[in-house]
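Note sheet for the following structure.
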Amino acid sequence: FVPGLLWNMALLPFLLLIPSLRGLTNLPLEQGRLDQDSTLVPSNGEISPFSVKHEVVRINGSLGRLKFGPLENLGTPKNHAFSVVWIQGKTKPLRASDFFCNHVVFNNETNSSDLGHGVRGIVGISKNHLNSKTELHMSKLSGKFSREHHAHDIIPQVALTNAHLNAIEAFLAADTDYALIVEDGIRLSPSGQKELREHGGLFSRLEELVKAAPKGFHEINLGRCMAECFRQNVVTKLGLQKLVQSRNQLCSHAYLLSKAGARELSRLFQMPMKYNNFMMKAWLYDKGNYSQYSVSPRLFDTKQVPKICSSDRKCHSINECGIHDIFTRGSCQFQPPCEASGNCFSLDVADPVAFRFDFLNFKGFSKEKVGKLGSLRGMLKQKHFRVRVNYRFSVGCGFFTYFYVALTQLQFALKHDLIGDKAPIIYMPESHHYHSCVNHTTSTAFSQDDFWHRYFEQPGPLANPDSISEEDVWELSQDSILTSHYDRGSVHAYPYPGDDLAKCDQKWVARQRAEAIKVMERYIHVKRSYLETARKAFRGFFPMEQTEGVLGVHMRGTDKFVNPKVSANKYIFSAGRYIRSHQHAGMFLATDDESYLREFEILFPDVVTRNVSREALNVLYDDRVDKIRKSEDVLFDALYLAQASHLLKPWSGVSEFAVYLRSVDLRDSPPFDKVEDLEDNQAPKLSLSNLGYSGLKWWKWLR
């Protein structure tokens with residue numbers, strides 16, 4: 001977890017929403033407010049407007065089919081009057097794929113950017129792809145929008161937002177209670193067809209949703225896409241469907257709007273634009289000013305399913321749930337987070353303003369919510385506490401981040417006495433850079449199919465966590481999992497955002513280690529088979545007779561960007577100082593950086609290293625490397641470091657884990673002679689002033 005990565009991951013779903021203009025030409029742009037920072041596009045060609053058609057459906061009014069559009073079997077509203085507004089591209093049908101990265105361009109006509117997982121997002125469409133020219137004039141476009149998007153990418157987004165504004169204004173002018181606003185190209189989803197057959201038609205279903213929704217709601221999205229389904233809140237269940245609330249309830253193919261919601265959107269869409277219409281709504285939702293809900297599974301989908309494609313030309317459909325669900329779940333079947341399913345208890349203790357859409361606020365646990373745990377403690381202690389990953393940022397986690405994610409959740413539960421007689425479950429079947437999910441079919445296969453249980457022992461006697469009833473499980477919410485990682489009271493391998501760097505001295509480090517060891521002793525142990533293999537291999541390199549011990553050196557390089565990389569010279573100086581006073585000692589080096597390795601091998605030719613995957617960039621994100629091998633590489637490096645006599649390390653989760661492990665699974669070994677943290681506030685700086693005369697002679701000899 002790193003600040004830059006978190007920001008990029010937060011924006012990832014939105015970076016994918018950059019449009020392709022194929023099939024969406026001759027679209028209008030209505031005049032808006034002047035914005036001096038906007039981009040001007042020359043006018044040349046015919047402009048054909050969207051058509052926005054409005055029809056009123058009265059209470060007890062008989063209506064079998066609308067005068068426009070494909071909607072049939074609508075039923076009869078009993079309690080409310082509805083406006084039905086249809087937005088249609090006049091020259092060509094509006095396609096969902098026009099507002100997504102639905103293909104990858106491999107020629108020089110289009111600039112593209114790597115968005116991780118091999119996904120390439122189109123950031124500029126060649127002018128040769130336009131069938132006609134359209135006019136932007138001085139639209140209601142903010143400078144941020146115009147700077148971040150290629151000029152002709154903006155055209156369909158502004159045009160469609162204005163069309164939605166026209167639809168909303170038509171509803172506000174009508175004597176109706178709610179509006180059903182739909183776009184071209186929609187259709188009832190399979191689940192939607194079944195629900196409407198069983199519940200008396202569309203308007204009957206809409207009235208059920210109005211009744212079930214919290215009072216004062218603004219919108220119910222009937223066809224959401226790219227949503228963060230893994231961190232949604234289930235408001236209520238309606239047959240096979242649920243009324244939910246989640247971040248990124250994107251797409252405006254079909255939605256139910258209240259008058260209050262229409263007034264909010266009317267004001268929003270007349271402001272300088274930052275995003276397209278559904279992203280502007282997501283922004284307003286995250287600001288806390290838009291009460292938006294969704295139906296899941298969705299009632300409506302689109303005839304043409306948008307896709308994202310990886311650099312190896314493998315494409316994934318974009319459906320109701322977004323990029324994180326796609327890459328963590330794939331085609332695998334396993335239990336979703338409690339807040340996504342509504343089938344188990346989800347405990348929310350996160351600060352309500354943390355981890356928002358357009359910024360990341362690393363706040364700790366909500367004091368108000370934690371203060372109410374007393375009323376829930378009895379119920380929670382009667383269930384299994386299920387520990388799992390945070391979907392939102394798992395695409396950027398290193399191997400040992402998953403260890404710290406589990407550790408801090410267990411630390412929170414122990415601190416607040418939330419674990420009873422039933423053993424906790426650590427459940428990590430999802431796909432990421434160190435694991436590919438598997439559809440296991442037998443209970444005996446589970447431990448091999450779950451990331452955690454491949455490398456760590458189970459915390460309790462359960463053979464298969466899937467066998468436990470969901471009603472007998474509780475979890476932290478997804479935002480609470482992330483909060484547990486960053487809260488100042490949680491174990492930190494090194495200073496995280498929000499920590500006071502001036503206070504992160506050796507006393508602070510000692511407290512972190514003591515807390516980590518306390519949790520590990522109860523619940524977290526490396527698989528015995530890995531421990532035995534590491535012991536045997538280490539003693540093959542460094543026999544017990546090696547009386548002066550072994551210096552373990554961890555040099556973190558390619559993926560180190562939370563804190564600056566420690567210079568090779570600093571490692572060399574400290575390692576040389578140790579070898580000078582322990583001339584017969586061995587040395588083990590663990591590093592992911594090929595350049596570090598070359599420098600050490602020149603100066604210390606007897607240094608021992610493992611044959612691991614090293615790259616000039618970052619092997620973490622390279623899924624061409626076998627994921628099991630990549631995991632075992634970093635795990636064995638930590639197991640070797642944990643057996644050294646003297647440890648030389650940067651701020652890193654890998655070597656910090658080795659320190660914990662020495663006191664837990666390797667407690668029969670004597671303690672480290674010393675653990676040198678080269679990045680703490682008390683570590684000596686490498687400079688001529690503190691080398692001294694003898695140090696200068698040593699440095700000259702070493703060079």
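The values are calculated or read from the model by the stated rules, or taken from the named source; none is laboratory data. Just so we're clear, the structure is a prediction, and the values are computed from it rather than from any experiment. Neighbour counts run over all protein chains shown; Cβ positions are idealised from the backbone, glycine included. These accessible areas exclude ligands, DNA and RNA; they are computed on the full protein's heavy atoms, side chains included. Shrake-Rupley method; radii C 1.70, N 1.55, O 1.52, S 1.80 Å.
Within the range 376-431, the percentage of alpha carbon pairs spaced more than 12 angstrom apart rounds to 67%. Only protein heavy atoms count here; under a 1.4 Å probe, residue 283 has an accessible surface of about 40 Å². From the Cα gyration tensor of the range 409-541, with a ≥ b ≥ c the square roots of its eigenvalues, which class applies: rounded if a/c is under 1.5, or else prolate if a/b is larger than b/c, or else oblate? Oblate shape, in that a/c is at least 1.5 and b/c is the bigger or equal ratio. Name the trypsin sites (Lys or Arg not before Pro) in the range 183-218 that are in a loop by DSSP and that have at most 10 other C-beta atoms within 10 Å, would you? Counting only loop positions with at most 10 other Cβ atoms within 10 Å, the trypsin sites (Lys or Arg not before Pro) in the range 183-218 are 215. Under the shape rule built on the C-alpha gyration tensor, where the axes satisfy a ≥ b ≥ c, the range 163-204 is oblate, since a/c reaches at least 1.5 while a/b does not exceed b/c. Sorting 652-661, 592-601 by average packing, meaning the other beta carbons within 10 Å per residue, from highest down gives 652-661, 592-601. The largest accessible area among 54, 384 belongs to the first residue in 54, 384, and the rest follow in falling order (1.4 Å probe, all chains).
Distance cut-off 29 Å, Cα to Cα: go down the list 503/527; 570/630; 194/215; 215/369; 215/372 and report the pairs above it. The answer is 503/527.
Select from the range 234-308 those trypsin sites (Lys or Arg not before Pro) which occupy a DSSP coil region and have at most 13 other Cβ atoms within 10 Å, ordered by residue number. Qualifying residues, ordered by number: 287, 303.
Taking a 20 Å limit on the Cα-Cα distance, which of the listed pairs 367/422; 242/363; 259/281; 565/627; 78/242 fall beyond it? Exceeds cut-off: 367/422; 242/363; 565/627; 78/242. For the range 382-540, relative contact order (Cα pairs under 8 Å, six or more residues apart, normalised by length) works out to 29 percent.
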